[in-house]
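Here, each number is a calculation from the coordinates, and none is a lab measurement. These numbers were taken from a predicted model, which means no experiment stands behind them. FYI the Cβ positions are ideal-geometry reconstructions off the backbone, even for glycines, and counts take in every protein chain you see.
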């Protein structure tokens, strides 16, 4: 296999495409606050900044081609996980468990390859959210009153029955701070290290990385029973693949679901070595979903800081 970047073919491992890399402005990194009714009950209302995910699954669909990993090419990323906790808005209070019922998040993003570099035995690639998204792209949060309704092994139970909100990926550009790196030669690892029995005999290569992508909430989709004052207009998804592209905490999924109106169920084709011998690449991830401040409030904050700086300079000039 080979990786092609900037017109040059470089030897490497295509598994580095497992995680996408997205740029989020530093001004968008601070969490915003919102009200959330756990279980849909106002008696269990939380002032929250986001949600923590339990270990879940991510899949880069169709990323490995005969031409290698080409800068400017696109592929579809899928992810699905249960949500385990609500993060307190003040960052101090302990998180609120979501053990009563099953909260899930599924998503799909069309990604564009931004750069590919190889140094010695290490290959690194960066990615961004493509300006044109496929029909199945999007993010959806669900609630099921039955605990443990989602099955990571089969991929069933992640889509219902109650929709909490839907959101649309915000296009971005690749960034060097969000990359996936793989090292050759391996050693290979056993792909599925859980007792589930899915994908027997498959091996996985070593690698690590993270990605972040912003989603714009679709206003008409927000469930006010759970979000009494409406949901945050922008949600930032962070997935961490530094747990390596093999599965120890959760079983690799046999199926993934698209989150948008054109969403369809897809089955991974990962080959005998995940990331080397099949067109798809799957890995275990952890992450969180956090609210992003509205741009207007960020602008006001910036103006306020700018005014303080100007007043400080005038004061220094007057006393000089």
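Could you tell me which of rounded, prolate or oblate describes segment 209-298, using a ≥ b ≥ c as the square roots of the eigenvalues of the alpha-carbon gyration tensor, with rounded for a/c under 1.5 and, failing that, prolate when a/b is larger than b/c and oblate otherwise? Note, shape of segment 209-298 comes out prolate.
Given their separation in residues at 0.36 nm each and the Cα-Cα distance between them, residue 119 and residue 173 gain 17.2 nm when the chain is fully extended.
With the cut-off at 1.5 for a/c, could you classify segment 115-169 from its C-alpha gyration tensor as rounded, prolate or oblate? Since a/c reaches 1.5 but b/c is at least a/b, the shape of segment 115-169 is classed as oblate. You can think of it this way: the chain between residue 269 and residue 44 has 76.8 nm of extra reach, that is 0.36 nm per residue less the Cα-Cα gap. Report note on the peptides 263-269, 88-94: ranked by the mean count of other C-beta atoms within 10 Å, highest first, their order is 263-269, 88-94.
The protection proxy used here, the mean number of other Cβ atoms lying within 10 Å of each residue, ranks peptides 50-61, 156-167 as follows, highest first: 50-61, 156-167.
Between residue 132 and residue 100, the modelled labels are 4.8 nm apart [label points 7 Å from Cα along Cα→Cβ]. Given R0 = 25 Å, the distance between the Cβ atoms of residue 163 and residue 70 translates into a calculated FRET efficiency of 0.10. Distance between the modelled labels on residue 146 and residue 193, one decimal in nanometres: 3.2 nm (7 Å Cα→Cβ projection).
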